[in-house]
Amino acid sequence: MVKFLGTLFSISMLAALNSGCTTVVIDEYRRSTGELAVGDSVVILGRRHSSDYETEPDLIDCVGKTLNNPKAGVVVIPEQQFVDALYPWFEPRTAPMHIKSLSKLMDIPDVRDRMEKYGIKYIVWIDGSTETTSSAGSIGCSIGTAGAGCFGFGTWDKESDYEASVWDFRDQELSGKISADAQGTSYMPAIVVPIPLIARVQNNACKGMAAQLQEFLLPPQSASR
């Protein structure tokens, strides 16, 4: 019995180190080259105006933390800190939807002063979500005189679809767009104990978008370092 439990524990630990399969596709549309300089900063914001979905705060937090790299020349202002400092102009219902709306906001001295205080060069708006698109299989668990156990097999597919619009705050123009599409399948085999093999779809979309944003925002010679 002890040997069986030890083997089962080893299998569980091995499975925990594995994950489901995920594919990520990154596309970029660029209108200008990156111009981040010393003293400049970037803010990553999520679109939450839709009644059907909202861009997840944890995705925005992930992109911001992954992109933030002062040594490489990328300083990211946390989303909530920025929204609070610019209240109420960047709340979901009042945030500018187009670059022209941002130009109107800059006519307000208080807004312009706060933006300049942060050294904002780029505002990156991310719109999208991660959803479970399908699932199959089943797992059943029971308790008997010999003990408890689960048997079965389940799978579920997730898809992440995000688009980042890069606004150049100082030049008041759209610098370009980056899209990240990720798909993955997670598995849950159960032989006595369920063993989840999770596809980190949203996390991989985050990492792919952050890497592309760094290349996008920095001047060519800096991005290649």
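Just so it is clear, none of the values below were taken in a lab; they were calculated from the coordinates. Here the structure is a predicted model, which is why all the values come from computation and not from measurement. So basically every Cβ, Gly included, is an ideal-geometry build from the backbone, and we count neighbours across all protein chains shown.
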For region 134-225, I need the span (max minus min coordinate) of the C-alpha atoms along each principal axis, in Å, sorted largest to smallest. 72, 27, 16
Per the Kirkwood formula on distinct C-alpha pairs, the Rh of region 39-104 is how many angstrom? 12.9
For region 120-181, just list the percent of Cα-Cα distances falling in each 5 Å bin from zero outward, please. 4, 14, 13, 10, 9, 9, 7, 7, 6, 6, 5, 4, 3, 1, 0
To the nearest 20 debye, region 51-119 has a Cα-centred charge dipole, built from +1 on Lys and Arg Cβ and -1 on Asp and Glu Cβ, of 380
Tell me the label-point distance for the pair SER142, MET97, using the 7 Å Cα-to-Cβ offset, in nm and rounded to one decimal. 5.7
